[in-house]
Every structure is written in structure tokens, then in C-alpha cells.
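Below: the structure, in C-alpha cells.
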Amino acid sequence: LSVIASGPTIPDSSTYADAINVFKDQNIWNKVPTKVQQHLEKGLAGKTKETPKPGDNVFKDTTYTLIGSNAISLNAALMTAKLLGYQVQLYNTHLCGEARNVAEQWVHYAKTILDKGIDKPTAFLAGGETTVTLKGNGCGGRNQEMVLAFAIAAEQLELNCNWIFLSGGTDGIDGPTDATGGIAD
């Protein structure tokens, strides 16, 4: 929960040392802004309090209910697709990587399945979280980029079938916009 919730009501087992080590392990500590380095080093020296850890008394009366997740969302989509009469192909439950590259992989996967032959409408499902390396002044999010990249790749790679591609965020956020994703056909 500490990774997905990121809030003051959830214990956080990470430390300032963990944060510093991530930067150093990736050999990017020297690229971290000086003020951030100073803050982390202050925390490491005990001059800034750590976030409350699991077992801290502050959480003694706190309860949590997980109402959504990648797995819950995928399962709901899978069950709904089956109820609607679709054949379901679960592509991947942990998508990651650049959104445009993942979209192209999707098209290749769809073509492979279609080339084998399918006898009824098929829903291809996946979950995960892609990334976007922003160049210039773009303002879309990873889901919007993946939808556009899929549409482009589908045309270039001649995905010759009727398709609809939806990519959305379960958190309701897709980049610095009011959209939660995108859809194309």
C-alpha cells in the first residue's frame, strides 16, 4: 500500500538511505538537484524526521480497504468481456516500458493471434504502467500516447481487422490533462 497510496495514512517502509541508494545505484546522484541532495542527506543524518514506519503507534486505529488495483481491474474487464461474448486473450499483466514501444508490441501480438485465426470477436487485455520520455512541450499522458502509437503502428503494420484500442488509467489521471486515457478505432 505504501507504494500505491503514497499518503499520510499509510506506513512507509522506505528511508532516506533507500532514496539515496536508488540514485547512486543508477549512477545519477550527480544529476539530482542540490536542494534534493541536501534534503536527503539531512534526513540520512537524522536532522529531518523519517516518515512513520509500519508498526508506528500513529497507525494503531487505521484500517485500509483496497478498492482497486491492476489485478482487480483486469479481472473485471475479463469477466465483462466474457459475459458480452468475447473470446479473451490476456496479453500481459505487468506492462512496462515506453508507451509507443509497448503499443507496437501490442500490434505485433494481435497480428500473431489473428494470423492463427479466431472464430469470434476477441478482447485483448493487459495491465501495467508504461512511461513516456517527454521531448518538447507535449501535454498528453502515457495512455493517450499509447493509443496514438497503436493507431499509427496498426496502419503501418497493416493490422487488417476491425479493432478498437482503449488505454486508461485506473487512478483517473493521464499526464497533466483532464483525460484518463484515450480510445481509437
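Overview of results
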| read-out | value |
| --- | --- |
| The lone exception for PRO11 - which of (1) touching a residue at least 40 places away in the same chain (Cβ under 8 Å); (2) more than 30 Å from SER69 (Cβ to Cβ) it fails | (2) |
| Neighbours by Cβ (under 6 Å, 6+ apart or cross-chain): first from the stretch 40-69, assigned by TED's automatic domain parsing to the domain that holds TRP29; second acidic (Asp, Glu) and in a loop (DSSP other than H, G, I, E, B) | THR51/ASP12 |
| Residues satisfying the stated conditions in the stretch 106-135, i.e. touching a Gly at 6+ places or on another chain (Cβ under 8 Å) and under 21 Å from LEU157 (Cα atoms) | PRO121 |
| Hits in the stretch 131-172 (condition: touching a Ser or Thr at 6+ places or on another chain (Cβ under 7 Å) and either of a type in the set (D, E, K, R) or surrounded by 19 or more Cβ atoms within 10 Å (Cβ to Cβ) (or both)) | GLY140, GLY141, ARG142, ASN143, MET146, VAL147 |
| Test set (1) part of a loop (DSSP other than H, G, I, E, B); (2) farther than 20 Å from ALA71 by Cβ; (3) of a type in the set (S, T, N, Q) - THR112 fails condition number | (1) |
| Some residue of the stretch 89-109 being at negative phi and in a loop (DSSP other than H, G, I, E, B) | yes |
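The values are calculated or read from the model by the stated rules, or taken from the named source; none is laboratory data. The structure presented is a predicted model; accordingly, all values stated were derived computationally and were not measured. Glycine also receives a Cβ, built like all others from the backbone with ideal geometry; neighbour counts cover every protein chain displayed.
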